[in-house]
Each structure stands twice: as structure tokens, then as C-alpha cells.
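First comes the structure, then the notes that go with it.
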Amino acid sequence: MEHQQERMRNLETALQALCEHVRRDAVERVASGGLLTAEVPRIGWIILDFNYKEGVESVHSRQATGTQRVNYIPSQGVEMLKRFAGYQECLDGIQALYNVQEEDAKRRLRFFADCLTRVFVDGGPNDYQIPKLVSEFMLNLSGQPFPQKIEVWLKNLWLTEERCPVSDIVLRRPTAEDANNKVMHGWGFHEGIHNEFQGLGCIAEVSWKGNSGHEAYIEKIVTLLRLFRFGSVSVSRWFLDSESSLLPTRVWGGPQPMSGVYKYSLGKKDAPALERFFTKYEPLLAPYVISLGPYGGDDPVGVALTMYNDAVLRATSTASKITAAITSLEALYLENNAELSYRLRLRVASLLRAVNVSNPPEAYPAAQVFEDVREAYKIRSSYLHGSSVTKITKDCGSLCEKIIEYARVSILAFLQMKGSHGLEKEDILKMLDHALVDDKSAPKVGEYLRDLQATSGHPTP
């Protein structure tokens, strides 16, 4: 161990000497006219002002042009490195400590030198920052992730106040500069950015450490927001920006083709409940979120999540939303046997009756839930069998929202019973069936659902 630490110190010292060598080389080349400058044109739409109510409304923008000046020195690669007296010591140290071949060590060292040249030409660090650059490079050699910032533009979630901090996440209202800075600094925006900015609800800022997996992490956050309350929370754009001065990365993604219309609001008063919700359900949800897309596998909770997403994000007609929500419930509550409709409404009513223990009194009245599921199942059957549903869905907006809400709460309940208590679907269904006829079984269901953080309430369509 001591020998390893001594090697680390020796390599760190040699790399700091390399930094000084590269800095002197850069200064000499700039002084001799070796600095090249490029003017990069930037064209895009600039947001002048906008109105914010339940999200961004009535955007006023104009097209703008500009340039971004980029300074650089052509790489001299290995020739410059070979002039450095400690070059071989750096190579030997990298090979010994990080178990890489000589050619790979040379490649990494050339990359480090090119990064240093760029940093020094752009203004360069002072003597106190050189150890930071070396530390970042050694972190990169070991495969450990750099701290990064993720910025996610969200739709259908709006804020009643400017900011709503939740644990390591900050939700805030958008500003014009959020769009304008990205247009003029090469984030790759097209001319229709003002169309994306319009309808933007809020921005989530997150600190992230990882070499990969940021898309699944973003999806997990958005899914949690979609489950905290019933709403079509979706990603408009996301941005990842490395905090490393040595190895800056800039990645962006989106937009996603979503058509959800249900909104809800958050304020500072909601922050404690949202933080408790994230703390509890983030680890329970993690196995089901794989990327910015569908959930994998045939696990009942994963299928239910997929269909719930379809109901709040992708389905367009009332009948298709009800069908997706009923399918979400079927994935949780049904097996391959007869009397599907009857068993479904009995089990949903049984579970939501138990959920009332941790919600306002009779938030989900069992008799009403039973009837709602019965009516929704009729619509689902007519829709799937090609029958006309125009008349029967004309006044079913409220029923549609209630069925989606039942799916949301059921998913949270199954996540809790499965993830926190180790119950499988078969165990849960058997317990729900017994609770219908056995007075002693009903309180047992309530115990498993104690502290279920399913904030009830209907969204703003």
C-alpha cells in the first residue's frame, strides 16, 4: 500500500512538471505567432420576453446572428512531449498504476497535453490550479466519473414560486437566458427554439456523477415527478455539462414526441413532501427505469408503468387513455383466469380502500372505485373491439382522470409492497382477495401500505 501511494505521489509530481512544460511551450508558440483564431457563426432565435402563468406563454422572440471566437494552437503531439525530460517517467507511472499498455499510455498522455494546451491558450490556470488539472487527469485514468451538471426542461409541471429545492435537485422557473445562452454558444439549437420554449413549465437542475447512465437517471427523476402527482410531466430538452476544466463535455438530447395535457403545480410548501417521496421511491423505482424510453421486461410493475405512461403522455382520445389505464391496472391485479372484469374492480377497490389509511379520509371510496372501474372496463372493451365509443366517452373526462389516478396509486402501492416488503404479485393478490371476506386480513393490507405517499388530487387539463 505504501509503495502504491509513493508511486501515486511520484506520478503526480511528474505530471505537474509536465503541466509547466506545456504552459511554457504554449506561451512561446503564442509569442511567435502560432495562435490561430476562428470565428464560428451562431444563428438562432433569441427570446426577448415571455409571460409565465401555468408555464411559459406568449413568447416574444426574434432571429439573431452572432459569432463565437475560438482560439487554438495546432497540436504538436508526441514531438512536444519528447522534449519534456520527465516524459518517460510519466509513461512508466501510468502503465504501472493503471495497468495499461505503453501505446495506450502514450495516447492518454498526448490527449492530456492537448487538453492542457487548450486550457492555457484560453487563459490558463494559475499555479494553484495546476494540481486540480493533474487530479482530474488521474481521476480520468482511474475511470472515475467527473462531477457534471444536468439541466432538464420539463413540460406540464409549473411552479407557483421562482424556485423549489428538493434534496439534490433544484426546480426553478425558466428565464430567457436559459434559451439564449444555448443558442449563441453552440448547443445545436434549430430555428424553432422559441416553439420549444413556449409551454415550458420548469427547469430541473441536478448534480450528477457518472460516466454513463445519465439518460436513465433523467427518466427516473421525471417518472418520480409523474408519480408524485397525476400529471403528464415530460422532457422537452436535457443538457449535460461537465464541471471539469480539463475535460469539458457538452451533451444535449430531446425533444421527445409527447402529447400529454395534464398539468400540476409545485411550490415551496410541497418541497418536504416531494423530498420524502423521492427518498422513499427512488430506490424502489430504479430497477424499472432503463432509458429515455420504454421499460424493459415483463415484470407486472414495469408493464403497469409503461401503460400508465401511455395514458398520461401518448394516448390522444379519452377512450385510448382509459384503455391504457385499465391495461396498467390489469398488469397489476389480474392473472389468466375467468371473471376478469369483476376480479379487477374488486381488487382495485380492496387495495385503494386500504390506501385510505395514509390519505385524507375516504380519498378513494371503495364503492365508487368499484363502479368507476366497471364503467371504464366497458369503454376499454368497446374500444379494443372496434365499437363506436364517441357517445359513451363524450362526458367521461372525469372518469378517465380517476382511472388514471387509480393506476398511479396502485403502482406506488405495488412498488412499496414488492420493494420494501418483498411481496410478489401472487402474494399481494391473495391478500387482497382474503381482505374482501376476512376482517382480520383487511388491516394487514393497511399495514403494508402504511406511509404510502400517494398525494391525491386531480391535474389541470
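When we screen GLY93, GLY143 for residues that are touching a residue at least 40 places away in the same chain (Cβ under 8 Å) and assigned to a loop (DSSP other than H, G, I, E, B), the only hit is GLY143.
The set of residues in the range 260-286 being over 20 Å from SER410 (Cβ atoms) and touching a Gly at 6+ places or on another chain (Cβ under 8 Å) consists of LYS263 alone.
On the given criteria, is GLU371 modelled with pLDDT of 85 or more, surrounded by fewer than 16 Cβ atoms within 10 Å (Cβ to Cβ) and in a helix (DSSP H, G or I)? Yes; evaluated as a whole, the condition is true for this residue. Pairs are defined by a Cβ separation below 8 Å, a sequence spacing of at least 6 or placement on different chains, a first member in the range 114-140 that is more than 22 Å from VAL70 (Cα to Cα) and modelled with pLDDT under 75, and a second member that is surrounded by 20 or more Cβ atoms within 10 Å (Cβ to Cβ) and not acidic (Asp, Glu); no pair meets this definition. Exactly one residue among LYS106, LYS53 is of a type in the set (D, E, K, R) and under 30 Å from TYR262 (Cα atoms), and that residue is LYS53.
Residues in the range 19-32 that are in a helix (DSSP H, G or I) and either within 18 Å of PRO74 (Cα to Cα) or at pLDDT 90 or above (or both): CYS19, HIS21, VAL22, ARG23, ARG24, ASP25, ALA26, VAL27, GLU28, ARG29, VAL30, ALA31. When the criteria are applied in full, GLU12 fails the requirement of being under 41 Å from the mean Cα position of the chain (by Cα), outside any helix (DSSP H, G or I) and either closer than 30 Å to TRP153 by Cβ or outside the structural domain of SER232 (by TED's automatic domain parsing) (or both). What helices (runs of 4 or more DSSP H) lie completely within the range 232-339 and have 1 or more residues being modelled with pLDDT under 90 and touching a helix residue (DSSP H, G or I) at 6+ places or on another chain (Cβ under 9 Å)? Helices (runs of 4 or more DSSP H) meeting the threshold: 318-333.
The values are calculated or read from the model by the stated rules, or taken from the named source; none is laboratory data. This structure is a prediction, so every number in the text was calculated from the model and none was measured. Cβ coordinates were reconstructed from backbone atoms using ideal geometry, including for glycine residues, and neighbour counts include every protein chain displayed.
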